[in-house]
Structure formats: C-alpha cells, structure tokens
Amino acid sequence: MSEQWAYTTKTWDRITEPLKPGAADLAVISGQLLLLAERFDSLNALVLGVTKDYLDLPWPTGSNIRALDNASVMIRNHWSGESGTAVQGDWCQMPLQSESQHIVLLDAGLCLLGWPDEQKQVLEEVARILVPDGMFIVRLLVLPHETESMPAVVQAVRAGEITDLSLLRIRLWMAMQADGIFPVTNRQFWTFLASSFPDLAELAQCCSTDSAYLQEALSKLQAEPVRNFAFAALEDYVHMIDSMDGQFSVKEKFIPEYHLGERCPTLVLRKNAA
Ligand SMILES: C[S@@+](CC[C@H](N)C(=O)[O-])C[C@H]1O[C@@H](n2cnc3c(N)ncnc32)[C@H](O)[C@@H]1O
C-alpha cells in the first residue's frame, strides 16, 4: 500500500492546477493564518499529504509544520519540509494526540478515500486532533451540478476544449462516476482513454503532453496497484459536516474563478469547543 505511489512520484511534477492549489486557494489559507496568529502564540500545523506549496505560505514565526502521508516514497521524494517533519501514517487513524494541532490542511485528496465512510472518518480524525477554535481547510474535488458522459468528454478533447491532463482527469473521472462507475479507478481511466484514442499522438497533442508519457502511463498500468476515486457534491460534504454533532462550523465556502473552479471549492471549517 505505502509504495502504491511509486510510479506516480516520477510523474508528480507533471501534475498541474487545478489538481494542485492555485494562488487564490493559497490566499484563502494565508488569510486564516493571520487570524489564527491573533489567537494562538505559535501554530502546530498538519498537512495531509505532501503538498509542498503549503510550505511557502506566510506561516507565523515559530510554526511547527508537519506532513502525514501513508506513502514513504511520496514523503522521500516530495516533502521539502525540514528533515523528520513528515510522518508516515493513515489519515483514517492519525498517529497524533487529541487536541494537538491548530490547523490542518488537505488539498484535493479526500476523494482518494471511500465515500462516505472513509472520508467521514478523516473528518472525525481531524476534529479529534484539532484544538477548539482550530481550523481545517480542505480543497475538495466535487461533482458538477450538470453531469456529462464519458463520450461527451472525449468529444470535448477532440474539440480542443480540454487542454491539459489535469483538466482531463477531473472531467473524465467525474463523467465515469456519472456513467455508473463507482469508485472510478486509475486503470479504468487509462483503459478508456486508450480505447478512445488508439492514436495516442492525437490525445497528446490535444492535451499538451507527449505520446511517450502517455505510453509509459499505459505500460505501467497493470504493475500499479489500483487507486480509487470517489466523488460527491459540495452539498453532500456540507450535509456530512452538519451530521457530525456540531464538531465543525463552516466558516467559508470558497469557489475559485479558474477553469473548473466550481469543482474545486475550499471549505474553511472551525472546530467547535465540545
Ligand atoms: C494530498 S493528495 C492530492 C495531492 C495534492 N493535490 C497536491 O497538490 O499535493 C495525494 C497524497 O495523499 C496521500 N494519501 C492518499 N490516501 C492517503 C491515506 N489514506 N492516508 C495518508 N495519505 C494518503 C498519497 O500518498 C499522496 O501523497
């Protein structure tokens, strides 16, 4: 399990916005850091995953920033925080003390867990480790109000409307779920693309990538463990948070203006006192 990202790690630098946080998303977090610094003398911060863009946020002096990721290969290759600040572990069972963190951040990773139980378990764990008044800022990938089909996505690629692989991933993953595949897997994603684009050069050209990269992704497919994606609507997440006995208050729902931004909202949640 922990090495399941071994191939992904080699291609990680090709992952672009909106599968990574954009400037507007980071600005939301910066604003919350200012507010937290007024309430707490120094911050214990936990990054779920190894999103290194977070390291460049305007952290208050004395902040202690750590990462929690279950893949040692991702920690080794992608966490550029100080040595020893990344912990290997599962978000569903965090190896951290209750009420020990002032802020927890997660970028576009909840959909990698099962919906709804595992994703709710992560929210429960975050509520457990946050101090009262601590913040959980999570960028979600959510289903659009109007779904589209898998063939419609292929048509959009050919029409030049999906210009890179990150945009294609988000649109096709969600179209696959809308067409009844649940959870969507990395293998199904690549297998469908290969059958829809027998000439990989065509896909590469439409999505500003190169055929060799696509070819390699396809050839690694069977060796790679299956990775699942499970999406829900923003309303489903808000409903889930509301069902958690008042553990969190939703302080902000930020919808960015970049392309597909409506599918990438950030929720700013405050942990309530018991
Ligand atoms: C945070 S997510 C999404 C990436 C993010 N958008 C970014 O820009 O870095 C990817 C990370 O989540 C980690 N991960 C996935 N499921 C996990 C789990 N249940 N527990 C701990 N880490 C997990 C993976 O190992 C991977 O490094």
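A short reminder: the numbers here are calculations on the coordinates, not readings from a lab. Predicted, not measured: the structure shown is a model, and the values here were computed from it. Because the Cβ atoms are built from the backbone with ideal geometry, glycine has one as well, and the counts that use them run over all protein chains shown.
What does the helix-only formula give at 222 nm for the chain: each DSSP H stretch with n ≥ 4 adding -39500 (n - 2.57), the total divided by the residues, and the result rounded to the nearest 500 deg cm²/dmol? Could the numbers behind the result be given before it?
Values: 10 runs with 102 residues, N = 274.
Helix contribution divided over all residues of the chain: -11000 deg cm²/dmol.
In what order do M135, M176, M244, M150 fall by count of nearby beta-carbon atoms within 10 Å, going from fewest to most? If you can, show how the numbers build up before the last one.
On the way: M135 26, M176 22, M244 14, M150 19.
Sorted ascending by nearby Cβ count, the order is M244, M150, M176, M135.
Find the lysine pairs in the chain meeting two conditions, Cα atoms under 29 Å apart and a separation of 8 or more places or different chains, and report how many there are.
Eligible lysine pairs with Cα atoms under 29 Å apart amount to 19.
With +1 on each Lys and Arg Cβ and -1 on each Asp and Glu Cβ, and nothing else charged, work out how big the dipole of the chain is about its Cα centre, in Debye to the nearest 20. Intermediate values should be presented prior to the final figure.
Working: 21 positive and 35 negative charges, 68 e Å.
Roughly 320 debye for the chain.
On each of the three principal axes of the Cα atoms of the range 54-114, give max minus min coordinate, whole Å, ordered largest first.
Extents along the principal axes, in whole Å: 36, 29, 21.
Could you work out the Kirkwood radius for the chain, taking every pair of different alpha carbons, averaging 1/r and inverting it, reported in Å?
Working: mean 1/r = 0.0514 Å⁻¹.
That comes to 19.5 Å for the chain.
Please list 3J(HN,Hα) in residue order for the range 45-53, calculated via the Karplus relation 6.51 cos²θ - 1.76 cosθ + 1.60 where θ = phi - 60°; whole Hz, with x for glycine and proline.
After applying 6.51 cos²θ - 1.76 cosθ + 1.60, I find 10, 10, 9, 8, x, 10, 5, 6, 4 Hz.
What is the spread of the Cα atoms of the range 150-229 along each of their three principal axes, largest first, in whole Å?
The Cα atoms of the range 150-229 stretch 28, 27, 19 Å along the principal axes, largest first.
Residues of the range 132-176 with amide nitrogen under 20 Å from the 7 Å Cα-to-Cβ point of V250?
Answer for the range 132-176: 133-147.
Could you give the semi-axes, largest first, of the ellipsoid that matches the range 141-192, computed as the square roots of 5 times the alpha carbon gyration tensor eigenvalues and rounded to whole Å?
Working: eigenvalues 51, 33, 21 Å².
Semi-axes from the Cα gyration tensor: 16, 13, 10 Å.
How far, in nm, would the chain grow between V238 and W190 when pulled straight, counting 0.36 nm per residue and subtracting the alpha carbon separation? List each step's numbers first, then the result.
Values: separation 48, 0.36 × 48 = 17.28 nm, distance 3.14 nm.
Extending this stretch completely gives an extra 14.1 nm.
How much length is gained if the chain between R227 and Y258 is pulled fully straight, taking 0.36 nm per residue apart and subtracting their Cα-Cα distance, in nm to one decimal? Don't skip to the answer; put the middle values down first.
Numbers: separation 31, 0.36 × 31 = 11.16 nm, distance 2.67 nm.
Here the segment from R227 to Y258 would lengthen by 8.5 nm.
Using a simple spin-label model with points 7 Å from Cα along the Cα→Cβ vector, what separation in nm is obtained for L218 and Q93?
For L218 paired with Q93, the spin-label model returns 4.0 nm.
Just name one of P21, A217, V268: the one whose Cα is farthest towards the positive end of the charge dipole of the chain (beta-carbon charges, Lys/Arg +1, Asp/Glu -1).
A217
Once Rh for the range 122-274 is found with the Kirkwood sum over Cα pairs, what is the Stokes-Einstein diffusion coefficient at 20 °C and 1.002 mPa s, in µm²/s?
On the way: Rh = 17.4 Å.
The Stokes-Einstein estimate is 123 µm²/s.
Expressed in nm to one decimal, what extension gain is obtained for the pair T61 and E148 from 0.36 nm per residue of sequence separation less their Cα-Cα distance?
Contour length minus the Cα-Cα distance gives 26.7 nm.
Along the charge dipole of the range 150-229, which of L200, I181, L168 sits closest to the positive end, that is, farthest toward it, with unit charges on the beta carbon of Lys, Arg, Asp and Glu (+1, +1, -1, -1)?
I181
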